[in-house]
Amino acid sequence: MRLYALCDQELLDRANLSLNDFVSIAKKYGAEVIQYRNKTSDISFIKQQLIQLRQLFEGFLIVNDAFELSSFCDGVHIGQEDLQKIDTDLKKAVKILKEVIGKDKLLGLSTHNKDEILEANELDLNYIGLGAYRSTSTKDVSHILGDELDKIAAFSKHPVAAIGGVSLDDKFKNVTYYVIGSGLL
């Protein structure tokens, strides 16, 4: 299993954990990637958190949605709706996003079904997130893939990160990364 740790600010606040606490836990489990997600704070707070994470963690650091802060990390993970806000033509949206963040940065996209994976196969991405595997405390999810996740992942030409309610004990054949947030705590 390759661990991609989801550092969600809301979860940190609820659990009364610091970034240092989270990174220590992520390192303990061998995380290769940390994604910082913060849906409520202003951009300057997110920037400061990314700077602190970079000081604490030597692996890949990804920011969720805040592509304007890509210079402070190794890449950006974006959702379907956020990508469509850039341009409804997804190829064009990815091209614009790549120009903004830089060709050397990683770009990941959330997917939720086979159709979105097939669309993602046509895009210049580094990986996709697929899920939700099960319900999760870090995000509201309307559709749970369950055991279908691994079967659907086989259609991706990109590395797949299983998202949403994934635990350290889960087993997949067609998944490269296990994205775990609250399950690490």
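Any read-out appearing in this document is the output of simple, stated calculations on the displayed coordinates, not a laboratory observation. Bear in mind the structure is a predicted one, so any value in this text is a computation, not a measurement.
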*Calculated from the structure, Rg and Dmax of the Cα atoms in Å equals which of (1) 17.7, 57; (2) 15.3, 41; (3) 20.6, 71?*
(2)
*Which entries of Lys47/Lys95; Lys85/Lys157; Lys114/Lys157 show an alpha-carbon separation above 22 angstrom in the structure shown?*
Lys47/Lys95; Lys85/Lys157
*Using a 10 angstrom cutoff on alpha carbons, build the Gaussian network for the chain and name the most mobile of Gly79, Gly129, Gly165.*
Gly79
*Per DSSP H run of n ≥ 4, the term is -39500 (n - 2.57); total these for the chain, divide by its residue number, and report the mean residue ellipticity at 222 nm rounded to 500 deg cm²/dmol.*
-9500 deg cm²/dmol
*Using Cα positions and a limit of under 16 Å, work out the aspartates and glutamates in reach of Lys151, with same-chain residues fewer than 8 apart set aside.*
Asp115, Glu116, Asp170
*asked:* Using amide H atoms built in the peptide plane, which far-off residues or other-chain residues are under 5 Å from Val141 H to H?
replied: Thr136
*Between Val100, Val63, Val160, find the one with the highest GNM mean-square fluctuation for the chain; connect C-alpha pairs within less than 10 Å.*
Val100
*Under 1.5 on a/c is rounded, so check that first for the range 94-172, then, if it is not, pick prolate when a/b is larger than b/c and oblate when it is not; a ≥ b ≥ c are the square roots of the alpha carbon gyration tensor eigenvalues.*
prolate
